[in-house]
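Taking it in order: structure first as structure tokens, then the write-up.
The values are calculated or read from the model by the stated rules, or taken from the named source; none is laboratory data. Just so you know, these numbers come straight off a predicted model, no measurement behind them. Ideal geometry is used to build each Cβ from the backbone, glycine not excepted, and the neighbour counts take in all protein chains shown. SASA here: full protein model, heavy atoms, side chains in, ligands and nucleic acids out. Shrake-Rupley method; radii C 1.70, N 1.55, O 1.52, S 1.80 Å.
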Amino acid sequence: MCRPTIAALVIIPITVTLASSMAQAQNPTRSGALIDQQLREAVERKDVPGVVALVTDRKGVIYQGAFGVADVATGRPLTPDALFRIASMTKAITSTAAMQLVEQGRFGLDDPVEKYLPAFARLKAFETFDGATGAYRLRPATRIATVRHLMTHTSGLGYGFTNATVRDFKPRAGEEYPVGPLVFEPGEKWLYSTSTDWVGRLVEKVSGQSLEDYFRQHIFTPLGMADTFYFVPKDKEARLVTVNRRIADGSIVKESVQPPTSGFTPIGGGGLSSTAYDYLRFTRALLNGGELDGARILSAGTVALMGQNHIGAVGVPAQKTAIPERSDDFSFIADGRDKWGLGFLITADAVPGKRSAGSLSWGGINNTYYWLDPARGITGVIMMQFLPFADRKALALYDTFERGVYQLADATR
């Protein structure tokens, strides 16, 4: 894994045009202006209500822009320092925390999870499940779930929106399953799941700290991520982007109930709020082999390990949604060819004009996305804030943005 050195992040000046309810980056190159135009036009077409995007190469920022509104009900303009609920983009941070503890010898990737979390002892797996009646038969799992299984979504766990059995399962009276039941044996398949929630529990158990405190001390403060938290401070709540939803007629409306900013239990698989700038501080540190501006959060060897295939011959399948209002199909995955590292999707196939093979990426359920391209020394984030995940128009804008980024990178080499 190539680990290029990246210069200190330099913020390009931003101007805000209130009359058009848009915040626009000043991107002097022709390619940068084209990206501005493409993002602006997506907002004008109402494909998305708003978007913030930020990209850096080895030398610094090569693009940033903010367009549209932060609140579809009030028309509040979206600004580059807007706070987004980044949901499953939390997973990479949790995985990084876990690898810090692996570096310290506090646990190993192939340790049984039950060694630290007793709930994983004597796991049950589905032998049969009748979706029509809910009837099921369970059997003891024959394989032990390891830390590596959790970090690679090969544990046998799932999400309700990625698996119909998980969605429909209801335990019989008197039965409790703190973990699972599993829908397959650990290591057999890949299924996007709650696995990283348990990685978060493992971090808390072994470190003796809450996730909020651990992340703050060992990741956020060293990297200067002052705008990333589970519990958003009151004086920053005004910068939150509202969570929205695309409805049947294609329009986007504000969710009637917004996610809480406090009073919930943090989990490793989601829950953080952050800015594009802050999250890019994190991804740039990984792109730089675990170090940024003199602060090291992981060794270069550990970062390289995280970017390697950890699921062997198992492929990452393009997921079919089980809850369409929550997520569309995961059509951005090269079905069965992509791999998974320790916290990231690994791109198998280079596509002309886009990221290199071996690039790392993932996203959050409200259509926030990031990628790291070690071969080109590029990392980017694009943040929107509406359901369902993997919305076709959101993915189309992501594709357009990424292609524009590589045109810009080529033009400025």
Exercise for review: Could you check F67 against (1) buried (at least 21 other Cβ atoms within 10 Å of the Cβ); (2) modelled with pLDDT under 95; (3) of a type outside the set (S, T, N, Q) and say which number it fails?
Suggested key: (2)
Revision key, fill the gap. Of (1) buried (at least 18 other Cβ atoms within 10 Å of the Cβ); (2) without any contact (Cβ under 8 Å) to a residue 60 or more places away in the chain; (3) in contact with a Gly (Cβ under 9 Å, 6 or more places away or on another chain), K124 satisfies every one except (1)
Practice item. Answer yes or no as to whether R85 is at pLDDT 95 or above, open to solvent by less than 50 Å² (accessible area, probe 1.4 Å), within 30 Å of Q38 (Cβ to Cβ) and among the charged types (D, E, K, R). Key: yes
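Just to be sure I understand, how many residues within segment 320-337 are under 17 Å from D168 (Cα atoms) and either without any contact (Cβ under 8 Å) to a residue 60 or more places away in the chain or in a loop (DSSP other than H, G, I, E, B) (or both)?
7
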**Study point:** Subset tally (residues that are farther than 23 Å from P233 by Cβ, open to solvent by 10 Å² or more (accessible area, probe 1.4 Å) and not in a loop (DSSP other than H, G, I, E, B)) for segment 265-291
**Key:** 1
Practice item. For segment 404-413, indicate whether the set of residues that are closer than 22 Å to V43 by Cα and either open to solvent by 10 Å² or more (accessible area, probe 1.4 Å) or assigned to a strand (DSSP E or B) (or both) is non-empty. Key: yes
Practice item. Determine which member of the set L150, L157 is part of a helix (DSSP H, G or I) and either modelled with pLDDT of 95 or more or out of contact with any Leu (no Cβ under 9 Å at 6 or more places or on another chain) (or both). Key: L150
Study note, to complete from the structure: When L202 is run through (1) touching a strand residue (DSSP E or B) at 6+ places or on another chain (Cβ under 9 Å); (2) over 22 Å from I346 (Cα atoms); (3) surrounded by 16 or more Cβ atoms within 10 Å (Cβ to Cβ); (4) not β-branched (V, I, T), the failure sits at (1)
Check your understanding: Checking S262 against (1) open to solvent by less than 50 Å² (accessible area, probe 1.4 Å); (2) modelled with pLDDT under 95, which test does it fail?
Key -> (1)
Practice item. Could you tell me which residue of segment 221-236 is nearest to A66 (Cα to Cα), considering only residues that are assigned to a helix (DSSP H, G or I) and touching a residue at least 40 places away in the same chain (Cβ under 8 Å)? Key: K236
Exercise for review: For segment 205-227, indicate whether the set of residues that are within 23 Å of M384 (Cβ to Cβ), among the acidic types (D, E) and crowded, with 21+ Cβ neighbours inside 10 Å is non-empty.
Suggested key: yes
Check your understanding: So R143 clears everything in (1) part of a loop (DSSP other than H, G, I, E, B); (2) under 25 Å from G364 (Cβ atoms) except one condition, right? Which one?
Key -> (2)
